[in-house]
Each structure stands twice: as C-alpha cells, then as structure tokens.
Amino acid sequence: MTREEKGAIIDELSQKFQSIPYFYITDASGMSVAETNDLRRLCFERGIEYVVVKNTLIKKALETVENTDYTSFDEVLKGFSGVMFHPENGKAAAQLIKDFRKTNKKLQLKGASVDYSLFVGADQLDTLINLKSRTELIGDIIGLLQSPAKNVVSALTSGGGKLAGILKTLSEREEN
C-alpha cells in the first residue's frame, strides 16, 4: 500500500470518526470467509457500515479527531480490527454483535464510542445495548415534566366536578 493510499484511508476514516458519533471496534479474527460474508450481509441489512482497516491507520485517524481523547483505545488496537459505523443509532451495532454472537462466538467487541463516550472491552456489550438514545432520554424527560401538569389538571377537573355537585346540592336544599 502506497503512502498516498494510506493517507486517503486515514482522511476517510477521520471524516467518519468526526461526523458519525457511533462506532464500534470489533475483532473478527478466526472467522471463515463465509462467516465474514454473513457478518457483512447482516451489517448491510441493518444499515451499518463495516470496514476492516489496519490498526495503525485507525489510530492515526483517531488522533485527528478534535475534542475527544481516544488514547484509551490504544490497548484495543492490537490484532485484527474492524470498525462498524452507524450514523443514527448508538445501539444498532451492539445489538448486531449480540445477535451475531448467538451463532458465531468468534466476533468480539473491543471498544466503542457512543456520543463520544468511550467503552473499552467485550464486557461493555450489555451496557451498550441498554443505553438509551438521545431521543429516548428526551422523551423520558418530557414525560416526567408533563406528569405533574397532568396531575394538576386532573385534580382541578375532578375537584371542579365535586365543587359543582356540592353547590347543586346546597342550592336544592335551600329551595326545599
């Protein structure tokens, strides 16, 4: 591979790392060609881009990303490495890895970056799957903020009905 080709790969990876906040570094060593093709097919079906790149090129591309320190990935970038990118969903790749591991235990999670938060190690897979997305968190917050207002409105409407009933009863008593 020429220096120009390496530079082009580093530039392309740098742009992806800066523009896509969700990526996973995996180890698929020991997988056969058929197993790798199954993994690539599954990635394609779920809208995940999967690329296999040399560790040194990944490391150089990560060094160009501003405002995030990826030095904790140095220990991860050894051996065989593939990178999974998903532009919108931080859990999609984690779920894919878990689903794929049901039939093939050779695929391992090495590390992940979700909204520029770093997760290192295969033991982080369940944590990544259980993470709520930004839109889910916003929905939860809106629900929490709306619930006191709903309680006040329901108390006022139910109390208003009681008050109207009491007034009606009192007015009927006065008439008799």
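Values as computed for the structure displayed
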| item | result |
| --- | --- |
| Scattering curve values for the chain, log₁₀ I(q)/I(0), Debye with Cα scatterers, q = 0.10, 0.15, 0.16, 0.20 Å⁻¹ | -0.49, -0.87, -0.96, -1.34 |
| Percent carbon-and-sulfur accessible area, the chain, ignoring ligands, DNA and RNA, probe 1.4 Å | 55 percent |
| DSSP H segments from the chain that extend 15 Å or more along their own axis, Cα-based, with Kyte-Doolittle mean of 0.0 or above | 134-175 |
| Relative packing of 131-140, 54-63, which averages over residues the other C-beta atoms within 10 Å, highest first | 54-63, 131-140 |
| Residues of type aspartates and glutamates that LYS91 reaches as a straight line, Cα spacing below 13 Å, ignoring anything fewer than 8 places off in the same chain | ASP99, ASP115, ASP126, GLU136 |
| Computed over the chain: relative contact order in percent, which uses C-alpha pairs under 8 Å that are six or more apart | 27 percent |
| Overall Cα dimensions of the range 31-94 - principal axes, largest extent first, Å | 35, 27, 15 |
| Largest-first ordering by accessible area, 1.4 Å probe, given options ARG3, ARG46, ARG41 | ARG3, ARG41, ARG46 |
| Ordering of 142-148, 90-96 by burial proxy (mean other Cβ atoms within 10 Å per residue, highest first) | 90-96, 142-148 |
| Surface per residue (accessible, 1.4 Å probe) for the range 31-122, Å² | 52 Å² |
| Ranked by how many other beta carbons lie within 10 Å on average, peptides 120-127, 105-112 from highest | 105-112, 120-127 |
| Relative contact order %, the range 1-91, counting alpha carbon pairs below 8 Å whose residues are six or more apart | 47 percent |
| Two-decimal ratio, the range 68-120, of alpha-carbon radius of gyration to 2.2 N^0.38 Å | 1.18 |
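The values are calculated or read from the model by the stated rules, or taken from the named source; none is laboratory data. Everything numeric here is computed off the predicted structure, so don't read it as measured data. Glycine also receives a Cβ, built like all others from the backbone with ideal geometry; neighbour counts cover every protein chain displayed. All accessible areas refer to the heavy atoms of the entire protein, side chains included, with ligands and DNA or RNA removed. Shrake-Rupley method; radii C 1.70, N 1.55, O 1.52, S 1.80 Å.
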